[in-house]
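See structure below.
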Amino acid sequence: VVEHHKTIVGFAGLNAAGCLEWLYVRPDYQGKGIAKALVRHLERHVKKSRRSALTALATANAVAFFQHHGYK
């Protein structure tokens, strides 16, 4: 969870299988690196848990974001 002035502006989470299932940033906070920071945090978590890779369930709108950050 990312907060700004005690307001949640973004969040991300993994499902039980370790797949990135939730990634949201409020529209007025997009473009500030929040989603990238959330994904990088989850990637570090996955690496520490010795999983081989982080998989993301992405909407059509989010595909470009993930491709830009090295996802296939």
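Return yes when His68 is of a type outside the set (Lys, Arg) and surrounded by fewer than 12 Cβ atoms within 10 Å (Cβ to Cβ) and no when it is not.
When the stated conditions are applied, His68 passes them.
Could you check segment 48-65 and list, in sequence order, the residues that are in a helix (DSSP H, G or I) and free of Cβ contacts under 8 Å to residues at least 24 places away in the same chain?
Listed by number, the residues that qualify are Lys48, Val63, Ala64.
Run down Lys32, Lys6 and say which single residue is open to solvent by 30 Å² or more (accessible area, probe 1.4 Å), closer than 17 Å to Phe66 by Cα and modelled with pLDDT of 95 or more.
Sole residue among the options that is open to solvent by 30 Å² or more (accessible area, probe 1.4 Å), closer than 17 Å to Phe66 by Cα and modelled with pLDDT of 95 or more: Lys32.
Looking only at segment 12-43, which residues are under 18 Å from Thr59 (Cα atoms), more than 12 Å from the chain's Cα centre (by Cα) and not in a loop (DSSP other than H, G, I, E, B)?
Pro27
For segment 9-27, how many residues are more than 18 Å from His68 (Cβ to Cβ) and open to solvent by 90 Å² or more (accessible area, probe 1.4 Å)?
3
What are the pairs, 6+ residues apart or on separate chains, where a residue within segment 1-18 that is among the acidic types (Asp, Glu) has its Cβ under 9 Å from a residue that is open to solvent by less than 90 Å² (accessible area, probe 1.4 Å)?
From residues that are among the acidic types (Asp, Glu), the pairs are Glu3/Val9; Glu3/Gly10.
Among all residue pairs at least 6 apart or on different chains, which show Cβ distances below 6 Å where the first residue, located in segment 26-47, is on the phi < 0 side of the Ramachandran plot and hydroxyl-bearing (Ser, Thr, Tyr) and the second is surrounded by 14 or more Cβ atoms within 10 Å (Cβ to Cβ) and not in a helix (DSSP H, G or I)?
Cβ pairs passing all conditions: Tyr29/Val9.
The values are calculated or read from the model by the stated rules, or taken from the named source; none is laboratory data. None of the values given here were measured: they were computed from a predicted structure. Glycine gets a Cβ as well: all are built from the backbone with ideal geometry, and neighbour counts include every protein chain shown. Surface areas here come from the heavy atoms of the whole protein model, side chains and all, with no ligands, DNA or RNA. Shrake-Rupley method; radii C 1.70, N 1.55, O 1.52, S 1.80 Å.
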